[in-house]
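A short worksheet on the structure shown next.
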Amino acid sequence: MGDILVRNVDDAAIAQLKKKAKAAGKSVNEIARQALLAAARPSKQKAWAEADRIRERIGPVPSDSTRDIREDRDNR
């Protein structure tokens, strides 16, 4: 994993991160890491577009797995 150094963070933002971290019982580092991960995720629109692209590449699925899933669940 890499490291990122963020400079010139607003004091009010730092105070909010500290409050969130304390309330969640986590470190400021963890709260900041979660915020960065959320910001780096693709939008729902991009994720659905990628799913559609994959579906097009795979093509239609000829069977329904519902019966297999129920059978597996019932045999547990």
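Derivation of every value follows stated rules applied to the coordinates shown; laboratory data play no part. Every value quoted in this text rests on a predicted model; they were computed, and no experiment measured them. Positions of Cβ are generated from backbone atoms using ideal geometry, with glycine treated the same way; all protein chains shown enter the neighbour counts.
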| query | For LYS44 and LYS20 in the same chain, what is the full-extension length gain: residue separation times 0.36 nm, less their Cα-Cα distance, in nm? | reply | 6.1 nm
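May I ask for the Kirkwood hydrodynamic radius of the range 11-60, worked out over all distinct Cα pairs and given in angstroms to one decimal?
13.3 Å is the Kirkwood radius here.
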| task | Could you check the simple spin-label distance between ARG73 and ARG33, using points 7 Å along Cα→Cβ, in nm with one decimal? | result | 3.6
| message | Based on alpha-carbon centroids, what's the gap between the range 3-26 and the range 31-76 in Å, whole number please? | response | 33
| task | State to the nearest 20 debye the size of the charge dipole of the chain about its Cα centre, where the only charges are +1 on K and R beta carbons and -1 on D and E beta carbons. | result | 360
| query | Can you list the HN-Hα couplings for the range 12-29, worked out from phi with the Karplus curve (6.51, -1.76, 1.60; θ = phi - 60°), rounded to whole Hz and with x for Gly and Pro? | reply | 5, 5, 5, 4, 5, 4, 5, 5, 4, 4, 4, 5, 8, x, 10, 7, 4, 4
